[in-house]
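Participant: Dropping a structure here in structure tokens format, bear with me for questions.
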Amino acid sequence: MKKLAKQFVFTVAWLLLIYTGFELGVWQLNKAQNLSASTAPVADQPVIELSKVSSAGLNIPLKAVNRIVSASGEYSDKYIARDQKLVDEKIVDLDVRLLDLDTGHSVLIVRGLASEPLTEISSNVEVVGRLYPRQNVDRAFPKPGELSRIDPALVVSEQTPFLYDGYIVLKSEKLSPQIDTQFSPIPSPQISQRITTFYWQHISYVVVWWFMAVLLLIAPLFPQFRKPKTTKVGNKK
């Protein structure tokens, strides 16, 4: 009876471990699927004012990334961002402007492809474009009037101490008074807000947990897990 109880407890513990490994794999699989769904492109929301989704001088909120925003003001400085990669892997130079907003703050604007020399724009401007986080990696060795990356930290000065984090890639630009400018907009697709490595990390955990569950399931087939056979030794005469 004691032997049967011991075997019963062992069997229950064995099945429980198998079930736990399976459920842990399912849990990681669900996390991978949820992560994939959260980073998938979604339909663009209506245009919103930049000041309503982000604040000058603070890091860009995740909810503001990829939003189509509007802003108005005057361009105060112009730069060329060299060796920028477009979605089709094409390397180009971009026309980047510093827009001084009516609110007294500033934001970096990517007007599109750069055509040197950059056109002077002194008109009041209303812009609409997609908001992106700042670049963290240098793309080129800059000369005066150029940017190594599109990052507001590179243009902060005493004149413009409070900038919005990130930058806007223009979809449209309205000047008042209207003047002839070289405006060559670039594609501005949504970008993923999270690192895709996390997805594959969850998938690897799924493989690990399910592999362990399978090993436990087939463990009784291995000789070392079987009960050793006892041999009877006869009495010697």
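The values are calculated or read from the model by the stated rules, or taken from the named source; none is laboratory data. Computed from a predicted model, the values in this text were never measured in an experiment. Glycine gets a Cβ as well: all are built from the backbone with ideal geometry, and neighbour counts include every protein chain shown.
Participant: Looking at (1) in a loop (DSSP other than H, G, I, E, B); (2) under 22 Å from the mean Cα position of the chain (by Cα), which is the only condition Gln28 fails?
Facilitator: Evaluating Gln28 over (1) in a loop (DSSP other than H, G, I, E, B); (2) under 22 Å from the mean Cα position of the chain (by Cα) leaves (1) as the failure.
Participant: Moving on to the next point. Among what's in region 133-191 and is part of a loop (DSSP other than H, G, I, E, B) and touching a Gly at 6+ places or on another chain (Cβ under 7 Å), pick the residue that is modelled with the lowest pLDDT.
Facilitator: The residue in question is Phe183.
Participant: Right, next: Could you please let me know if Ser115 is under 16 Å from Gly145 (Cα atoms), out of contact with any Cys (no Cβ under 6 Å at 6 or more places or on another chain) and either polar (S, T, N, Q) or at pLDDT 95 or above (or both)?
Facilitator: Yes: the conditions hold for Ser115.
Participant: Then there is this: Can you tell me which residues in region 98-118 are on the phi < 0 side of the Ramachandran plot and either in a loop (DSSP other than H, G, I, E, B) or among the acidic types (Asp, Glu) (or both)?
Facilitator: Within region 98-118, Asp100, Asp102, Thr103, His105, Ala114, Ser115, Glu116, Pro117, Leu118 meet the criteria.
Participant: How many residues does region 48-67 hold that are under 21 Å from Asp100 (Cβ atoms) and either of a type in the set (A, V, I, L, M, F, W, C) or without any contact (Cβ under 8 Å) to a residue 24 or more places away in the chain (or both)?
Facilitator: Total meeting the criteria: 9.
Participant: Quick test for you: out of Ala71, Ala56, pick the one residue that is surrounded by 14 or more Cβ atoms within 10 Å (Cβ to Cβ), small (Gly, Ala, Ser) and part of a strand (DSSP E or B).
Facilitator: Just one listed residue meets the conditions, Ala71.
Participant: Of all residues being part of a loop (DSSP other than H, G, I, E, B) and in contact with a Ser or Thr (Cβ under 9 Å, 6 or more places away or on another chain) in region 121-132, which is surrounded by the fewest Cβ atoms within 10 Å (Cβ to Cβ)? Just the residue, please.
Facilitator: Per the stated criteria, the residue is Ser123.
Participant: Of (1) more than 30 Å from Leu94 (Cβ to Cβ); (2) modelled with pLDDT of 85 or more; (3) within 19 Å of the chain's Cα centre (by Cα), Ala37 satisfies all except one. Which?
Facilitator: Ala37 satisfies every listed condition except (2).
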